[in-house]
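The values are calculated or read from the model by the stated rules, or taken from the named source; none is laboratory data. Remember, predicted model here, so these are calculated numbers, not experimental data. Note that each Cβ is placed from the backbone with ideal geometry, even for glycine, and that neighbours are counted across all protein chains shown.
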């Protein structure tokens, strides 16, 4: 009887030890499964980011503009940038930024053309849109600039100011009233009026722009009245 009493506790201890071992192995297996599940999830997300150009978390054009504008408001040219890109943001602001493709841009361009805008102005809008999206790429908001391949329309840069003879006469008449306000009354030689009159006539006769005439050099004016453009400075 005593021998049987000694055998039963030994078997109970063996059974308990075996259960602990199996439980430990089960916990280890669960940990490995959880680890593998996390790795698989990370890999799936990475593959989705590599293959999906527009994931569900992609920001809209309006959000990209909002963040980009905060970084640009201190620039002196911000008012011009805002005026040029505001119509695009107003038209496609709800669109995910990666979907602002060249096709979407061409549709927007056609709408802007119907409003009578010139190609040069619309090209500026495209340039600022590309600048905004490049900023988004640099800051990790989107993976690439979808407008990178969009092309500006070729334009002929030509600026003309046409003054009628009546306009020139008004300028000449107004030049007679020019005074040097930095001088005291009586000290003004009244030289500025005739000088401005001569300048107006020179500009009208030569068709030079203001800075072109202002930067003329006397030593480049030849005896026959022509001007040497490529002389030494």
Residue 93 vs. criteria in contact with a strand residue (DSSP E or B) (Cβ under 9 Å, 6 or more places away or on another chain) and without any contact (Cβ under 8 Å) to a residue 40 or more places away in the chain: yes
Count - residues of the stretch 122-145 that are in contact (Cβ under 8 Å) with a residue 60 or more places away in the chain and assigned to a loop (DSSP other than H, G, I, E, B): 5
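When you go through 100, 147, 114, 133 one by one, which is the residue that is exposed (fewer than 10 other Cβ atoms within 10 Å of the Cβ) and closer than 18 Å to residue 87 by Cα? Quick ask: steps written out before the conclusion?
On the way: 100 fails: exposed (fewer than 10 other Cβ atoms within 10 Å of the Cβ); 147 fails: exposed (fewer than 10 other Cβ atoms within 10 Å of the Cβ); 133 fails: exposed (fewer than 10 other Cβ atoms within 10 Å of the Cβ).
After applying the criteria, what remains is 114.
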Filter result for residue 76 (under 22 Å from residue 138 (Cβ atoms) and in a loop (DSSP other than H, G, I, E, B)): yes
Any hit, the stretch 206-214, residues being in a loop (DSSP other than H, G, I, E, B), touching a helix residue (DSSP H, G or I) at 6+ places or on another chain (Cβ under 6 Å), surrounded by 10 or more Cβ atoms within 10 Å (Cβ to Cβ) and modelled with pLDDT under 75: no
Qualifying residue in the stretch 34-54 (condition: touching a helix residue (DSSP H, G or I) at 6+ places or on another chain (Cβ under 9 Å), at pLDDT 65 or above and at negative phi): yes
